[in-house]
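Participant: Sharing a structure with you now.
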Amino acid sequence: MTELDVFVGSTFVMDEEIFQLWVDGHSVETATHILFRRLKDFSPDYSKEVVLSYVLGQYRTYEMLEKLLWTPKKLVTQWAYQMTEQTKQCLIHKYYDLNLPVVREILNKKYSSRSRKDLDEISEKTNVNLKSCRRQFDNLRRIQKCVEELPGNTSDNIKNHFLLSDILANIYAAITFISVNRLEVSKRRLQCVSSQVLFNCAQGLMKHWGAGEMSKDASEKNRMEILEKEADSDIDLDRDFLADVCEIKLITEREKEFRTSVCAKVHKIIPEKPYQEIESSFKIFFKSSVSISSGLHRSREIKSFFVDLTEKIIEPLKQAKWSKKDFLIFIETYDDIGAHIVSRLDSRICETWKRYNKGIMLCLGFMYL
Amino acid sequence: MPGKVKVKIIAGRNLPVMDRSGDTTDAFVEVKFGSTTFKTEVFRKSLNPFWNSEWFKFEADDEELQDEPLQIRIMDHDTYSAHDAIGKVFVDLNPLLVPQSSISGVMEQSSNATGNATMLSGWFPVFDTMHGVRGEISIRVKVELFSDVSRYRQSSCGVRFFNSLSIPSGYKVYTICGFVEELVVNDDPEYQWIDKIRTQRSSNEARQTLFIKLSGEVRRRIGLKALELGGNAVIGYKQTFDLEGESGVVVRGIGTVMNLNRKQHFTDSLLTSAHSEQSSEKYGSPTNLKLVKLPVVKKKSSESDLSMIPKGISGSYEAHVSHISRQISGSQYMYGLQHEMPEYPFLTLSIYPRSFVVHIGGIVSARSVKLLDRITNPDEPETRDAWWAELRMEIRSHARTLGCTFVLGYTEQTSICDEVCILSASGTAAVVDFQQLEPQEVRTRNSSGSCFGMTSSFEKDKSFKDQRVKDSSTLPEAQEYLPCSPCHVPYARTTIPCPVKLARCNVCRKYKVPDVLLATIEVPKGVSVEGKGSLIQARVCRSKREYRGGGDSQAKEVSDALPFLEYELHRQLLAKLRVRGMNAIFGLNVAVSIGDKQLIGVATGTALYLSSLPPSRPPTLSGTGSKEDQLKVAQLSKKLMEYLIESREFYGIEDSTVKNLQENGEDDSDHSDLSDDEIPDLFIPGDAKDTCVLEIDDPSELDIASILADGRPPRTFYSCTTEKLPGLNWSRLESNYLSFTRVWQGRGAYSSQKQLDGCFNTLLQGLYFQLRKASPCLISGLKFSVDLPDEEIIQVTISGTASKLKEASFGQEANENKNIDGPLMFKLDEDPHFREKKPQAKMESHSKIEAAHSDHPVIEITPLSQVPGSRIDKYLGNLNFFFIRESTSIRECGGFSTLVASFISEVFAIARAHVAALGGNAMVSFTMSQYVLEHNSHKNQGQCLINASGDAVFLSDGSNEE
């Protein structure tokens, strides 16, 4: 019976295969079985006992490394595991990698110990090992805890603190954004919206509506104000903006102007038959987009932002048989013409409308299927 | 007051959270040296404090500087209760005590007017015995030694220590002054009454500090002895801790004293002139010395250029040092005259310069069983000294019996169980030629009278030998050195007590060689080896009565059992050697471990085929009994033959039995006039005394099965205990892949041969499996050690290093081997497995080169004295660490294996940090011994003690191989 079995090398050599199995939450037995089966054909000399001892050792090392992986910066500044830069990056990348179906399930959970306990349901549903679900859950929680309070661009913050790749950092930033603002994404209506679409929307919202962001066409005065606010994070929505946004309902007075101009332009591009549909349901689109804006100063309404978009705009238009292609042409035109129309209004309203419209059109563009 | 230590604490990082409520720490640092302590300010609420303290200054005398470690303790400030300890850093100042100039060999580095200021600076892991590494601290340490001319007489500052078992590369030996040993005994704090009331942390720390101090003391005393002998360095230095339990702790050190200098382009005669020029000017300024550099020199030494690598050493420095060493060697010469022979003619190195080893007599070993009693007076460690003296005398007389003057590759080991202790000493008896240490020009001069200390004593000794062994007068002392000479016996068959079969050397066909050669050292350079070497191991287990307090009877039983154990080991080893078709074992280590219920002996070495020795005959089986038995015997014989044929093919050895039998005829007629003895009756099969006959009483006996069960490594691996694989050119190694330590403990019965073999074979397979991605690779410097810490537990530790082989050079290597070592059958690239793994291996090595470690530099660690693919530019000092790690929450932190694994990694980490702080990038001759690995699963408790040491060096690209 083995009491102690340790192999320590002066250099840490990563076995990507075993690490992946570990990250995926497979048990030592499963991993041993997989490795043994794979190796059996071309190196039959090794007994299962030997393979098991190896896997146990690898798993042990990864468990020791895990503490460092929680704060990847420590992984870089430690002496104990000498490894190449490549290995470090690979370790971090694999450890923080996400499984989208699992993430989709976790998205609307609070990062509490109670929801951590409920992860087994997710595990069952997604057919992903519970350990892997827990790891992803913990990673999300850890990253959120770290960057929530940090000023500036969240994606950059994540990159700096967790040494993640651009792609992964953007995803984590989006998830954190959804989580911090409690955006409802698990409603049945939204089931058909993929995680990737949600991330894209979240990134768009952070970019256009986030507190830390400076809009490009902001006036000089605004710029100063925004500079003062730079200590804010783009993870938080710009409260001032949200308070102002209800003022854009003023444009309802100009619905007719919008309709004629937009429709006239769209008509030139889109063939007659679908155009009829678009023209007849323009009102739904216009009214809904304005009505969504009017509630955004209430956090309850922000929560249901994605639901509202689907319920009030996407679904009715789909019923009206707008195709995605036509829809995209439409919103592009709407944005163009709208900007032209609102420019004749009060400059503040104009800016607000533009900013609002950028966010909402971006989301609609991604979400409309 | 010859030294000043200055310490500056810069910053800390990644410290643990000590204040749970605020998730922060209020850290400050205590710096202690000797009895003086300084403190930094408290840096509040930060896990990454920045103290940037003033320079704390300590004044100390030499003895303190050498014995005491600098102790840096990081604490968490607590206003209301006692401050909490975060961890400690121990800094051994010894590497700083060697004048910088003699480390680097570059004069300008010591241009500081005061002389020898050197610095150590870097991030050190903060270690706590209860929690392991907890963050890092950045410190700077300077030592200023005052130039004191008489300082060499007072203390041993400046004597350099090397763990390296070969002459450090880039250095030249002027004199080998002899063997040094020293031991210090002390009470072990663990066993003192105070330990019962102290916390574990303070008990561990007290123990750790004491052990470090004892180790410093041993080293200092050895240094003193070295100076007495006229040396300036101790090579092959080995330090061991004997934890005798109740009776205390013994720290032992052995080594070889030498007079070393950096290699340079000066011939001896020029040095003399340089000396005379400079003699009036003691410790002359560098600019003056530079004038001595003469351009003529290079031409003269062109021959030695091949073996010496000039490393931009300024010749001026050399003149400076040799000036000192000349004085010393002068006195050494006197010493040599007074004493005919050093007390113990032992050398602890295992790799020697070409032609240094004239003849190898064989392995000599001595063991004794002692009963430990309480060390009553630690200041007089006479008992232990006397014990070792007995053993050394025995070794010496064994060597003389073999007609040898020296013992090479000398080691000492102990195994302790309760009160009973086995002391073992072993080495390789040999005849050596000290003149071979000198460059060619000097050697010729030497014959005209000007010789160094040991050379003269060697000559004295030769006369002694002449009297004793008449036959040796025919030895080719004055003749040209033959490359096969080390294989020739230094004795006559009639003069030694044990029966030995002699044959005529197959290379020179002049002198006698034994049929089997065993040695603890590496294969001497130039000796022709056929095929490749292979790991060979014999294991024997003997059960004994359980220890019940009767120390005397226990000791007697052990001592009675030892000869049988050794005989059995020897028999097994030879049988395994035969079935491999080989005839010699080098790098052999025989270790006997004692436990409560059993004795385990393990002999590990590197088997190989020496061209000059007679080919080994296949082992024959002899069995008596029923027809059925005979049949089984026949079957087994067949299997043995198959194994032998496979082995030969595997290791690339030609079936030379055939070859030799053919050649033997001519051979006889050609040289019959030269042979002064009848041709030994070597080829008569079935000789009753022949060791290769395996007698079988019961064909089901597992003996043969065990021999056959010894798995060969997979095709893409070579493995050996020596630093270099015999038959494989060092230049074929590409890079150091990794060095490893494997510790395994098994519970249950490992008392039968089958179980024991199974256990070791599985461990070896595990090793190959671990390293499969490095293949094709060489696993060298393999060391096995067995401990029996508990009646039910067996602990096996394996350490070694894996080096990658260059792939491109396979074909080339085959040719190369053909020229030197004869035909080669073994071709790796024909192996399908190998081909399959090729791309993977390539990728791995590629990434290694690309590696740019963002923060810490890459520090290689290897148990070998060199790193493949690199060259040692500088030796930065010898480092020795002793650590204790304990945990009372084993289960919570992942089990005992996790504790041990993380502890070993941490020891690697600390070693690396020290090397980096000294400005090095590798640690060579690294050894790590696990002394105690105790686990009590009921109490959820575990404790480990580790001692590690090695030479910090600076490597640069390129090979060191001569």
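Participant: Got a number for carbon plus sulfur as a percent of the stretch A:207-367's accessible area, 1.4 Å probe? Intermediate values should be presented prior to the final figure.
Facilitator: On the way: 4210 of 8110 Å².
Heavy-atom surface of the stretch A:207-367 belonging to carbon and sulfur, 1.4 Å probe: 52 percent.
Participant: What FRET efficiency do you get for residue A:250 and residue A:63 if R0 is 60 Å and r is their Cβ-Cβ distance, rounded to the nearest 0.05?
Facilitator: Numbers: r = 60 Å, r/R0 = 1.01.
Efficiency at R0 = 60 Å is approximately 0.50.
Participant: Next up: Points 7 angstrom from Cα along the Cβ direction at residue B:23 and residue B:892: gap in nanometres?
Facilitator: Here the modelled spin labels are 2.0 nm apart.
Participant: Report the local net charge at residue B:595: Lys and Arg +1, Asp and Glu -1, summed over other residues whose C-beta lies under 9 Å from its C-beta. Write down the numbers at each step before the final one.
Facilitator: Working: positive: B:544, B:597; negative: B:596, B:787, B:790, B:791.
With Lys, Arg at +1 and Asp, Glu at -1, the net is -2.
Participant: Ok, one more. Relative contact order of the stretch A:10-95: what whole-number percent is it, with Cα pairs under 8 angstrom and at least 6 residues apart? Display every interim value, and only then the final one.
Facilitator: Working: 49 pairs, mean separation 35.7, N = 86.
Worked out over the stretch A:10-95, it gives 41 percent.
Participant: Same structure, new question: Alpha carbon centre of the stretch B:878-951 versus the stretch A:118-132: separation in Å?
Facilitator: Centre-to-centre (Cα) distance: 38 Å.
Participant: Roughly how many whole Å is it from the C-alpha centroid of the stretch A:21-69 to that of the stretch A:262-307?
Facilitator: The distance from the Cα centre of the stretch A:21-69 to that of the stretch A:262-307 comes to 56 Å.
Participant: State the dimensionless ratio Rg/Rh of the stretch A:207-367 (Rg: radius of gyration of Cα atoms; Rh: Kirkwood radius). Please report the intermediate quantities before stating the final value.
Facilitator: On the way: Rg = 16.0 Å, Rh = 16.4 Å.
Result: Rg/Rh = 0.98.
Participant: Output the residues of the stretch A:1-29 meeting this criterion: accessible area (heavy atoms, 1.4 Å probe) in the chain alone minus accessible area with all protein chains in place is 50 Å² or greater.
Facilitator: Listed by number, the residues meeting the 50 Å² cut-off are A:1, A:3, A:4, A:6, A:7, A:8, A:10, A:13.
Participant: Cβ neighbours within 10 Å, averaged per peptide: list A:243-249, A:357-363 in order, most packed at the top.
Facilitator: Working: A:243-249: 17.7, A:357-363: 21.0.
The peptides rank, most packed first, as A:357-363, A:243-249.
Participant: In the stretch A:10-95, carbon and sulfur make up what percent of the accessible area (probe 1.4 Å)?
Facilitator: On the way: 1980 of 3500 Å².
Accessible surface attributable to carbon and sulfur in the stretch A:10-95 totals 56 percent.
Participant: I would also like to ask the following. Which order, highest average first, do B:66-76, A:79-89 follow once you tally other Cβ atoms within 10 Å for each residue and take the mean per peptide?
Facilitator: Working: B:66-76: 22.1, A:79-89: 20.0.
Top of the packing list down: B:66-76, A:79-89.
Participant: For the stretch A:72-108 and the stretch B:574-644, compute the distance between their C-alpha centroids and round to whole Å.
Facilitator: 51
Participant: For chain A, just give the cysteines left without a disulfide-compatible partner, judged by no other Cys Cβ under 4.7 Å.
Facilitator: Singleton cysteines: A:90, A:133, A:146, A:192, A:246, A:263, A:350.
Participant: Decide, for chain A, between rounded, prolate and oblate: order the square roots of the alpha carbon gyration tensor eigenvalues as a ≥ b ≥ c, take rounded if a/c falls under 1.5, and otherwise choose prolate if a/b is larger than b/c, else oblate.
Facilitator: Working: a/c = 3.01, a/b = 2.11, b/c = 1.43.
Here chain A falls in the prolate category.
Participant: Oh, and also: Quick one: angle between helix A:28-40 and the longest Cα principal axis of chain A, in degrees between 0 and 90, rounded to 10, please.
Facilitator: Computed tilt is about 70 degrees.
Participant: Still on this structure, please answer the following. Within the set A:256/A:358; B:8/B:213; A:256/A:325; A:110/B:773; A:40/B:804, which residue pairs have Cα atoms separated by over 32 Å? It would help to have the intermediate numbers written out before the result.
Facilitator: Values: A:256/A:358 21 Å; B:8/B:213 22 Å; A:256/A:325 24 Å; A:110/B:773 43 Å; A:40/B:804 24 Å.
Where the Cα-Cα span goes over 32 Å, the pairs concerned are A:110/B:773.
Participant: Select from the stretch B:745-770 all residues whose loss of accessible area on going from the chain by itself to the full protein assembly reaches 30 Å² or more (probe 1.4 Å).
Facilitator: B:745, B:747, B:762, B:765, B:769, B:770
Participant: Apply the Debye scattering formula to the stretch A:10-95, with a single equal point scatterer on each alpha-carbon and no solvent, then give log10 I(q)/I(0) at q = 0.13, 0.22, 0.25 Å⁻¹.
Facilitator: -0.44, -1.05, -1.23
Participant: Take every residue in peptide B:899-907, count the Cβ atoms of other chains within 10 Å of its Cβ, and give the average of those counts. Write down the numbers at each step before the final one.
Facilitator: On the way: counts 2, 5, 10, 8, 2, 6, 12, 4, 2.
Mean partner-chain Cβ count within 10 Å for B:899-907: 6.
Participant: When the distances between all Cα atoms of the stretch A:1-47 are binned every 5 Å from zero, what whole-number percent does each bin get?
Facilitator: With a bin width of 5 Å, the distribution comes to 5, 16, 18, 23, 28, 10, 0.
Participant: Roughly how compact is the stretch A:98-180, stated as its Cα Rg over 2.2 N^0.38 Å to two decimals? Mind showing how you got there, number by number?
Facilitator: Working: Rg = 12.5 Å, N = 83, 2.2 N^0.38 = 11.8 Å.
Computed over Cα atoms of the stretch A:98-180, the ratio equals 1.06.
Participant: Cross-link list A:73/B:142; A:48/B:639; A:109/A:303; A:88/A:207: which exceed 21 angstrom alpha carbon to alpha carbon? Walk me through the numbers before you get to the answer.
Facilitator: On the way: A:73/B:142 30 Å; A:48/B:639 26 Å; A:109/A:303 13 Å; A:88/A:207 31 Å.
From the list (A:73/B:142; A:48/B:639; A:109/A:303; A:88/A:207), the Cα-Cα distance tops 21 Å for A:73/B:142; A:48/B:639; A:88/A:207.
Participant: Another question about this same structure. Report the residues of the stretch A:162-205 in range of a label on residue A:110: point 7 Å along Cα→C-beta, backbone N strictly under 20 Å from it.
Facilitator: Once the point is set 7 Å along Cα→Cβ of residue A:110, A:175-187 turn out to lie under 20 Å by backbone N, inside the stretch A:162-205.
The values are calculated or read from the model by the stated rules, or taken from the named source; none is laboratory data. In this text the structure is predicted, and so the values were computed from the model without any measurement. Every residue, glycine among them, receives a Cβ derived from its backbone with ideal geometry; neighbour counts consider all protein chains shown. Accessible surface is based on the protein model in full, side chains and every heavy atom, while ligands, DNA and RNA are left aside. Shrake-Rupley method; radii C 1.70, N 1.55, O 1.52, S 1.80 Å.
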